[in-house]
Amino acid sequence: MKFKKGNRWRTSKGQIRYKTWRKNVFELNKRKVGLSKYYVCIKCNKKRKTTRVLHAHHIYSWNKFPKLRYERGNGVVMCIKCHNGFHRKYKFDALNEPNLLLEYIKDNKQIKEYIYSQKNF
């Protein structure tokens, strides 16, 4: 994964933390959903052996919830098509409302549990 100069990482430490978070999100997805063989999009169930066409999406926004940025549970795996479709549909409303992800995916037990566990946040 290449990072552009002037991106959101001020230091290499932040970049390393993000890469570690992303890797953890994908590994969690592979163990829970992909049966240790595939990475699986949570929306369309597209299965891939590599992370090339998949994105790690934050349930709670990167900007609005900085304390949850690097929590492994705050991420889900989506294919590029589903990820872009989500952001096209909800635009900036998705930054403040993590429940919109549940609406888009049509209820997911893992995401629902994480959102309700963070309600007191």
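Given a 1.4 angstrom probe, what's the average accessible area per residue across the chain, in square angstrom?
68 Å²
How compact is the chain by the rule of thumb for globular proteins, expressed as Cα Rg over 2.2 N^0.38 Å?
Computed over Cα atoms of the chain, the ratio equals 1.03.
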Original post:
Excluding LEU28 itself, what net charge comes from residues whose Cβ is under 12 Å from its Cβ, given Lys and Arg +1 and Asp and Glu -1?
Top reply: +4
Subject >> In nm, spacing of pseudo-spin labels at LYS23 and ARG72 (7 Å Cα→C-beta vector) >> reply: 1.3 nm
**OP:** Extending each Cα 7 Å along its Cβ direction at ARG31 and SER12, get the distance between those two points in nm, one decimal.
**Re:** 2.9 nm
Original post:
Tell me which aspartates and glutamates have Cα within less than 12 Å of LYS119's Cα, excluding those fewer than 8 residues away on the same chain?
Top reply: GLU97
Subject >> Difference of contour (0.36 nm per residue) and Cα-Cα distance, TYR116 to LEU100 >> reply: 4.4 nm
Original post:
Projected onto the charge dipole of the chain (+1 at Lys/Arg Cβ, -1 at Asp/Glu Cβ, origin at the Cα centre), which of LEU28, PRO98, ILE111 gives the Cα projection farthest towards the positive end?
Top reply: LEU28
Subject >> Isotropic mean projected area of the C-alpha convex hull, the range 63-121 (nm²) >> reply: 4.1 nm²
Original post:
So, with a 1.4 angstrom probe, what is the percent of accessible area on the range 34-121 that is carbon and sulfur?
Top reply: 48 percent
Subject >> Heavy atoms of ILE80: accessible area, 1.4 Å probe, square angstrom to 10 >> reply: 60 Å²
Subject >> Fluctuation leader among TYR39, TYR104, TYR70 - the chain, Gaussian network, Cα springs under 10 angstrom >> reply: TYR104
Original post:
Looking only at THR20, THR11, THR51, which one moves most when the chain is put into a Gaussian network model with springs between Cα atoms under 10 Å?
Top reply: THR11
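Report the charge-dipole magnitude of the chain in Debye, nearest 20, computed about the Cα centre from +1 at each Lys and Arg Cβ and -1 at each Asp and Glu Cβ.
Once rounded to the nearest 20, the dipole reads 720 debye.
The values are calculated or read from the model by the stated rules, or taken from the named source; none is laboratory data. This one's a predicted model, so the numbers in the text were calculated from it and none came from an experiment. Glycine also receives a Cβ, built like all others from the backbone with ideal geometry; neighbour counts cover every protein chain displayed. Calculation scope for accessible area: heavy atoms of the full protein, side chains included, ligands and nucleic acids excluded. Shrake-Rupley method; radii C 1.70, N 1.55, O 1.52, S 1.80 Å.
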